[in-house]
Every structure is written in structure tokens, then in C-alpha cells.
Amino acid sequence: MRFWSEGLGDRELVIALGGSAVERKDDYVALKGIVVSPAPWEYEVKIQFADWVAILNTATTPDACGFIARRVPLRSIASMGVFIVKFIVMLGYCRLIRLMKQTQGQGHGSAEVRLPEGSSRRLPR
């Protein structure tokens, strides 16, 4: 991913977004990684719920979708579809766990649902 600002002049900040670490905090998700160019240094981006809405809203504009449709092979678009489905499934899974914990907190459940220690919170394949 490339970032540009007037303060950088003709330079861009290049990060390897795929190599970033994601960490859930209280009211945000922290994205941490290393700027690759023009010089290596650590960065941290804090993404709150409103930011996710803005990102998804921007991604679903006709300009953004048209850019992808014109420049990305069909196979890559299908791959994006898989990630979108995974995103929706993970939202549902996390919401279900949250609802189950709320129900147990009210005395209606007998066993607590926990993910294994060291789990990446990913669904099994």
C-alpha cells in the first residue's frame, strides 16, 4: 500500500500491508507493521468502528468498484469474493460468541465458550 501527503513532497510511504500484525484493543483494532520505503520504520494505525464503515463505504463506490473491475483479473475478483464471505462469516461467528456469553452471564448457560489458548480466532478450514 502506498501513502502520499504534500508534506512528503514527491515521496511515498510504502508499507507491506500483508505483513502487518492485527491486534484487538478496547475500542479499536491496531494494525502494526514496518514502512518499507523510503526508510524502514514502525507504524501503528488504530481503526475504530466508524473507520471500518468509511473503508467499506469507500470500497463500494462506483469509482472503486470500476477500478477493480477494469484492472483486476476475474480470478482475483473471485478471490476477493472469498475474503468478503469470510469477513461476513467471522462477523457472525464473533457475534454468536458474544451473544452466548451474554446469555450465560444471565444464568442461562452452563459452560463457557472459549477459544483455545494461542488461537488466532480463525475458523477451522
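Quick notes on this structure:
- For region 60-109: rounded, prolate or oblate by the Cα gyration tensor [a/c cutoff 1.5]: prolate
- For ARG11, nonlocal amide neighbours, meaning residues 5 or more places apart or on other chains whose placed amide H falls under 5 Å from its own, do not occur.
- Electrostatic bookkeeping for TRP41 treats Lys and Arg as +1 and Asp and Glu as -1; over the other residues with beta carbon under 15 Å from its beta carbon, the sum is -1.
- Using θ = phi - 60° in the Karplus curve 6.51 cos²θ - 1.76 cosθ + 1.60, the 3J(HN,Hα) couplings for region 9-15 round to x, 7, 8, 10, 8, 10, 10 Hz; x is entered for Gly and Pro.
- Here the Karplus relation 6.51 cos²θ - 1.76 cosθ + 1.60, evaluated at θ = phi - 60°, turns the backbone of region 34-40 into coupling constants of 10, 6, 7, 9, x, 8, x Hz, with x for every Gly and Pro.
- Of the peptides 1-11, 22-32, the order by per-residue mean of other Cβ atoms within 10 Å, starting with the highest, comes out as 22-32, 1-11.
- ³J(HN,Hα), Karplus 6.51/-1.76/1.60, whole Hz, each residue of region 93-103, x for Gly, Pro: 4, 5, 5, 4, 4, 4, 5, 5, 5, 5, 5
None of the figures in this text is laboratory data; all of them are computed from the coordinates on show. This one's a predicted model, so the numbers in the text were calculated from it and none came from an experiment. Glycine gets a Cβ as well: all are built from the backbone with ideal geometry, and neighbour counts include every protein chain shown.
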